[in-house]
Amino acid sequence: MNAATSCYGNDASQFPSSNLFAAAGEGIWDNGAACGRQYKVRCISATVPRTCIPNKTIQIRIVDRALTSASKPTRGGTTMVLTTTAFETIANGSPASINIEFQE
C-alpha cells in the first residue's frame with residue numbers, strides 16, 4: 001500500500017502481511033490512540049441473508065482513521081473500514097456493509 005495513513009504516514013512496514021487491517025471510525029478512533037490496536041472481528045449480520053461466514057473470526061490491526069481519502073466509511077456511524085481481504089474473510093458476496101462484533 002502506498003497511501004499515507006493517519007497512524008503511520010508512509011511507513012508501509014506497519015501493514016500486516018496478511019492484509020488483515022482496518023481504519024478506525026470515530027467511535028473507536030480515540031484521538032489516534034486506536035493506532036496499532038488489534039481487534040478480533042466477526043460478521044454477525046447483513047441486509048443480505050447468508051452474507052456472514054459462520055464461526056469465522058479474524059484479528060485485524062488499526063492502521064488508519066476512517067475519514068481519510070483512502071479509507072472512507074460506507075455510511076456514517078461506521079466503526080471500522082476493513083480491507084477487502086479482511087472483509088472477504090468474514091463475509092460472502094459484496095454487500096456495502098455488514099454488522100460486526102469486535103473485541104480488543
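Evaluate region 7-16: report whether one residue or more is closer than 19 Å to GLY77 by Cβ and crowded, with 17+ Cβ neighbours inside 10 Å.
Of all residues in region 7-16, those closer than 19 Å to GLY77 by Cβ come to none.
Scanning region 7-16 turns up no residue that is closer than 19 Å to GLY77 by Cβ and crowded, with 17+ Cβ neighbours inside 10 Å.
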(request) All but one of (1) under 13 Å from the mean Cα position of the chain (by Cα); (2) closer than 11 Å to VAL63 by Cβ; (3) of a type in the set (Val, Ile, Thr) hold for THR5, so report the exception by its number. (result) (1)
(request) Output yes when any residue across region 92-104 is open to solvent by 30 Å² or more (accessible area, probe 1.4 Å), in contact with a Phe, Trp or Tyr (Cβ under 6 Å, 6 or more places away or on another chain), in a strand (DSSP E or B) and aromatic (Phe, Trp, Tyr), and no when none is. (result) yes
(request) Return the pairs, sorted by first residue and then second, in which the second residue is among the basic types (Lys, Arg) and at pLDDT 90 or above, the first residue lies in region 49-68 and is within 14 Å of ARG37 (Cβ to Cβ), the beta carbons are less than 6 Å apart, and the residues are 6+ apart or on different chains. (result) GLN59/LYS40; ILE62/ARG37
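Counting only residues that are open to solvent by less than 60 Å² (accessible area, probe 1.4 Å), within 14 Å of THR83 (Cα to Cα) and in a loop (DSSP other than H, G, I, E, B), how many does region 19-42 have? Let's see the steps before the verdict.
Residues of region 19-42 open to solvent by less than 60 Å² (accessible area, probe 1.4 Å): 20-25, 28-29, 32-37, 39, 41.
Still in the list and also within 14 Å of THR83 (Cα to Cα): 20-25, 39, 41.
Pick out the ones that are also in a loop (DSSP other than H, G, I, E, B) and you get 20, 25.
Residues meeting the conditions: 2.
Provide a single number: the residues in region 43-63 that are part of a loop (DSSP other than H, G, I, E, B), polar (S, T, N, Q) and open to solvent by less than 60 Å² (accessible area, probe 1.4 Å).
Step one: list which residues in region 43-63 are part of a loop (DSSP other than H, G, I, E, B), which gives 46-51, 53-56.
Keeping just the survivors that are polar (S, T, N, Q) gives 47, 51, 55.
Still in the running and open to solvent by less than 60 Å² (accessible area, probe 1.4 Å): 51.
Matching residues across region 43-63 total 1.
The values are calculated or read from the model by the stated rules, or taken from the named source; none is laboratory data. Values in this document were obtained by computation on a predicted structure and should not be read as measured data. A quick note on method: Cβ atoms are made from the backbone with ideal geometry, for glycine too, and the neighbour counts reach across all protein chains shown. The protein model used for the area step is the full one, side chains on, heavy atoms only, and it has no ligands, DNA or RNA in it. Shrake-Rupley method; radii C 1.70, N 1.55, O 1.52, S 1.80 Å.
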